[in-house]
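No lab work stands behind these numbers, since they all come straight from the coordinates. Predicted model, so just to flag it, every value in this text is computed and none were measured. With ideal geometry, Cβ positions are generated from the backbone for all residues, glycine too; neighbour counts draw on all protein chains shown.
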Number of protein chains: 2
Amino acid sequence: MRPHPFKTLSVDETRVARDVILSQYQDVVVDFREIFLQEPEKELMKQYLELEHSSQPGRSPQSKQPPRLAKCQYDVIGSSRIPEYHEAIVDIESKRRVKHDIISKEYHASLTLWEFETLVQACKESEEFQSAIKELELPEGFELVVEPWPYGGLDIGAENKRYFQGLCFAQDMKNGNADSNFYAYPLPLIPVMDAHLKKIVRIDRLATGGKGDSMSGKTHSARVLDHCESAEYVPELLPEGTRQDMKPINITQPAGPSFKVTDESLVEWQKWRFRVSFNPREGAVLHDVHYDGRSILYRLSVSEMTVPYGDARAPFHRKQAFDFGDGGAGNCANNLSLGCDCLGVIKYFDAVVVGSDGEPRHHPNVVCLHEQDNGIGWKHTNWRTGRAVVTRLRELVVQFIITLANYEYVFAFKLDTAGGITVEVRATGIVSVVNIDPGKTSEYGNVVSGGVLAQNHQHIFATRLDPAIDGHKNSMLYEESHTVAQNPETNPNGNFYEIRKTPITHSSGHDAAPHHNRVFKIINQNKKNRFSGNPVAYKFTPPATQKLLAAPGSIQSNRALFTQHHVWVTKYQEDELYAAGHYTLQSQQEKGGVADMAKRNDEVTNEDLVLWNVFGLTHNPRVEDWPVMPCEIFQLHFRPSDFFDRNPAIDVPSTKNQASVLAEKCCTKENL
Amino acid sequence: MRPHPFKTLSVDETRVARDVILSQYQDVVVDFREIFLQEPEKELMKQYLELEHSSQPGRSPQSKQPPRLAKCQYDVIGSSRIPEYHEAIVDIESKRRVKHDIISKEYHASLTLWEFETLVQACKESEEFQSAIKELELPEGFELVVEPWPYGGLDIGAENKRYFQGLCFAQDMKNGNADSNFYAYPLPLIPVMDAHLKKIVRIDRLATGGKGDSMSGKTHSARVLDHCESAEYVPELLPEGTRQDMKPINITQPAGPSFKVTDESLVEWQKWRFRVSFNPREGAVLHDVHYDGRSILYRLSVSEMTVPYGDARAPFHRKQAFDFGDGGAGNCANNLSLGCDCLGVIKYFDAVVVGSDGEPRHHPNVVCLHEQDNGIGWKHTNWRTGRAVVTRLRELVVQFIITLANYEYVFAFKLDTAGGITVEVRATGIVSVVNIDPGKTSEYGNVVSGGVLAQNHQHIFATRLDPAIDGHKNSMLYEESHTVAQNPETNPNGNFYEIRKTPITHSSGHDAAPHHNRVFKIINQNKKNRFSGNPVAYKFTPPATQKLLAAPGSIQSNRALFTQHHVWVTKYQEDELYAAGHYTLQSQQEKGGVADMAKRNDEVTNEDLVLWNVFGLTHNPRVEDWPVMPCEIFQLHFRPSDFFDRNPAIDVPSTKNQASVLAEKCCTKENL
């Protein structure tokens, strides 16, 4: 039996794809970047899913099943030694390469961990770099750490080679602990590697000055770390240890979880039903999301993010990651750990990754699934009788966590008992820092520890939501609430306010407008709510987070056009999954991103449309963000709006939880 | 030993105050409204607290202790039968009335439950009202329910008597269940009572039309409930019962809670230390909030809220509650229930309330205190070694819940391990509805069930935060991030952005500006962070929620001037606790509210200042809000900003939780 079309490729399937690709080539080196599921065309999937949802449970409609396809991304390196970047699609069953492209040199393939290792090696081999490090007279017991980074936006006029840059730090190894925090000791130089030559071709010297200093002049002494301070976070290195008075909170589910997972991909929970998959670029993806047998979404993913830094001094303008497009969020996913990343009864999902030889291996526990209690769901007390009915808000969480060098993001899709869907991002990890001279402060960031300047930056995310509100033909509008001047005809007492609805008829970008309470609705105009007469809908209020601050026309701005609006509506097209376009690494200009999609000016009324939401965080660091920052939590809420005929959580039982106890009954005398 | 100055009055203290008041009067009736703690003057408290914090634990500085004072609010009814409203302060120890005011007739005392009961009784006794109800030909088995409401903003020119209005519904008593949801059957008339006469003096007939119908004409048939539908929420009345597949989530704390509560008011938890009190107007209040021995807040409370309705048809412009000023949030607090309103180990606090005879009685479990896990607190994975350090975000929650006729609010103050303070409001309960004719829709709201129009409305809240950032002399500024045009001197690459700081030098109102990432900081300019050189601060980003929509100059708007800005900064003055002023009931104009305080144009640099935050929810109801709405959750975050020298949660242990289990280990075969 074929796997479900949305199921992540297995190790065996991945190996078939690899072998098919390798069989195409002789006398050349093939370095694999990725092999992952090429999702079936939507038209085929619509037919398949229609059958699936009308069939008996467990009887999948094999006859209509789309082919299993693998997307393969790899370099072909012939005698010229200059790699060519290829993308191909392999049909797993027929073992055929059914599509094949050699990508224009204009674009750069996304990076892989093996390229990062090359940079570290190149630094070791570079005499110029080694001598530059020697100049810095590292204190005894300190060792160099090179942190590979994408090169960022290529300067206009620069030769479009494939580069990587290394941020350099020193690690205090006197304690013999490989997890000693080296970010506390930033070194003022950045080696740049030509990835094809695998050689360091330039060393950028970094300014370490403060307000009033020149942008490029060297102001630091050789012993650049003497004013830096240890900033450990691993518990065994904390000078005063960890606090001892935090008693455990346990989350137990004695009757087991309320969810059911079958086929390692199908999740059923509290009337919700959806599939989870995982890919190297987006991480976890939800597919075919239904509630109580009614379709809500075809697909939900985090599509892209960019993190531009605001330090004016070259080469910091090239500090701008696109963490989904540059290296792949899925590739950076943490292998999650029981009792650490979430509590209660946990179901983990694994992924498959490939090495440069294409050999697949399991990437365990990259996604976790669990239920959680989020406080009161709804309550009403009848004050006449004293009867209180109170229910809990239960959530099902699909979570994955990525590490990008110094930084961490926790992504979660949460479905709840009231029909809500929440996308949550938590930003944590270690802020990116550079060296600053003793006693100086800077307009480019905040001095968070001795010698350590945490640079101002932004995090701007894009989620992609492919709705299917009671079917694939949907429309969008936004609704605002407006003051109406007091007048005898329509507003005699001045208390009336007007709701204005604006349909979005063509693909386009839109902004948040909280002063007008602008709410966007994804509607199915073919189906009306039986009470209100309104089309069934899901709604969301785009948070009015700050947009990209980089100057219009700058490279940072041009390569992140998706940040120009909070909301984009586009017409569905195959393979349009990425808000900043397919190729972001070293880009100078966003191409094929959501701005280009919107520019087609497609009609999107009663069409298969896609909704993109852009939100962000302007992060001017606090001292409290050091050495590891407390999570900044961001949430995006999608809520039913006249989709149901009543509160869908009205039948959640108001059962009294039997495990709760009075503090008086469990506390020792000194506590109460 | 005297109780701590912030401790809620005990039953005995309350009785002393009552007796002192009663002893002042002969041959008149004294009807009590409230007796509660008059907090000591701040100057006295500063001295007291300074000693307290420098003394040995448990040795309270009795010598410097301010007097225990009770604020008494009562009506004096003499031979004229017209009540006079009095406010007095009683010194508990000396048993003397130390202050006494007779309040001008211009103002109305806040309402009490016994006045609500009077309205119900007056309806029973009114022949005119009873005959109006008969006209409506209620279906068999239905009984009238009168829901007392404050009268709302008095119309200009109307005689300033004390009125109450009743919203009328019919309850289906055929099932014999007193909790059958009568809001599903709204009746189109509102009786108005003169509170001094205790008589119904007018019956307002309500329009039931839809779009295009006149604002006042009668359009409904006599049998006005025939198209209404049952909308039950108590589990035993749900036609299909409650869902059966939600398995319990238990929160257990086998080693007990991490908090310690002494003297029924002092809470210590994870370096936090503060006092909790409770009063009939504001509900729970936090006092003297410290972290690790450093002062952060002097006082934190929810100060006021207003809920104006947007239905243009008279008398709906008078639907505008001020739920703190009109009747007192504390008075409406729910008596919380173990295992229902929060989970885990719970400490409850009681309050004392008085009846009209002034006799005090316990109001049990009005505040609950518990710890909760809010997911990942901070995490970093060293990708070189694979070592992940992950800690949880632990919160301590002080929660109270109020019921206002149909509606519920859940208020919570949350302190967390990263030094954050969050004010959370959840709006739930039953939306306010009126009857609408069959098949019609309305521009004034949404038809959420047969015959039931849920009117558009807003909820606008004000919190009051009296900061003491490392002392009482604080200042405020706001900080914005701005794009800078690309230019060779300051922004050669276009990536730089500028942080602009604007000090708030005088008492004033300010707005949210998310497009500039406007962040407000409460700073102590006398103390600098040792790394950044910035003054120690707490910061917050005011959410850009929609302000009041009522037309400027309307009564709804004039009586809620506090809604004109998201942020107000005022200079501390005694007894300025209420954002919309002391007297809101039936007001036409806000007096003595935060707008008036700001108007003084006081200098607030390095002064004892107060910060008010206004936020809200424009609530155009969804069908899903019926019959009881799922919580709308709103949060306001205060975070340290260069207050600490590092992440204050860095020493939270990354202990692996031992109670978490793999789904595979606890699931039956059919689940996985």
>> If you consider only alpha-carbon coordinates, what radius of gyration and Dmax does the stretch B:262-393 have, in Å?
In response: 20.8, 73
> To the nearest 500 deg cm²/dmol, what mean residue ellipticity at 222 nm is calculated for chain A from DSSP H runs of n ≥ 4 alone, each contributing -39,500 (n - 2.57), summed and divided by the residues?
Replying inline: -2500 deg cm²/dmol
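Note down, for the protein assembly as shown, the three equivalent ellipsoid semi-axes (square root of 5 times each alpha carbon gyration tensor eigenvalue), biggest first, whole angstrom.
Working: eigenvalues 594, 295, 156 Å².
The equivalent ellipsoid of the protein assembly as shown has semi-axes of 54, 38, 28 Å.
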> Cα convex hull of the stretch B:113-237: how many Å³ per residue?
Replying inline: 137 Å³
> If you bin the C-alpha pair distances of the stretch A:537-600 every 5 Å from 0, what whole percents do you get?
Replying inline: 4, 17, 24, 23, 19, 9, 3, 1
> Taking +1 at the Cβ of each Lys and Arg and -1 at the Cβ of each Asp and Glu, which of A:495, A:433, A:390 sits farthest along the dipole of the stretch A:381-533 towards its positive end, judged by Cα position relative to the Cα centre?
Replying inline: A:390
> Counting other Cβ atoms within 10 Å, which GluC sites (Glu not before Pro) in the stretch B:34-133 have at most 15 and lie in a DSSP loop?
Replying inline: B:41, B:93, B:106
>> Which residues among the stretch A:535-568 fall inside the zone where the amide N is under 11 Å from a point 7 Å beyond the Cα of residue A:588, along Cα→Cβ?
In response: A:555
>> Taking 19 Å as the cut-off for C-alpha to C-alpha distance, list the pairs among A:271/A:521; A:379/A:656; B:199/B:591 that go past it.
In response: A:271/A:521; B:199/B:591
> Where the centre of each part is set by its Cα atoms, how far does the stretch B:303-320 sit from the stretch B:485-562, in angstrom?
Replying inline: 30 Å
>> If you wrap a convex hull around the alpha carbons of the stretch B:170-232, what volume per residue comes out, as a whole number of Å³?
In response: 130 Å³
> Hey, for residue B:178 with labels 7 Å out along Cα-Cβ, what do the inter-copy distances come to in nm, ordered shortest first?
Replying inline: 7.0
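What is the percent of Cα-Cα separations in chain A that go past 32 Å?
Numbers: 126247 of 225456 pairs.
Across chain A, Cα pairs with separations above 32 Å total 56 percent.
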>> Quick check on the exposure proxy: order B:594, A:352, B:145 from fewest to most C-beta atoms within 10 angstrom.
In response: B:145, A:352, B:594
> Can you give me the relative contact order of the stretch A:133-177 as a percent, contacts being Cα pairs under 8 Å and 6 or more apart?
Replying inline: 50 percent
>> Can you give me the orientation-averaged projected area of the convex hull built on the Cα atoms of the stretch A:491-551, in nm²?
In response: 7.1 nm²
> Helix A:11-23 versus the longest principal axis of chain A: what angle, 0 to 90°, nearest 10, using Cα atoms?
Replying inline: 50 degrees
> Hey, fewest Cβ within 10 Å first, where do A:290, A:220 land in order?
Replying inline: A:290, A:220
> What are the nm distances, shortest first, from residue B:254 to its equivalents in the other copies, labels at 7 Å along Cα→Cβ?
Replying inline: 1.4
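Rounded to the nearest 0.05, what FRET efficiency is calculated for residue A:156 and residue A:25 with R0 set to 30 Å and r the Cβ-Cβ distance?
Values: r = 36 Å, r/R0 = 1.20.
Efficiency, rounded to the nearest 0.05: 0.25.
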> Listing A:102, A:504 from the residue with the fewest other Cβ atoms within 10 Å to the one with the most, what is the order?
Replying inline: A:102, A:504
> Cα centroid distance between the stretch A:326-354 and the stretch B:383-398, in Å?
Replying inline: 15 Å
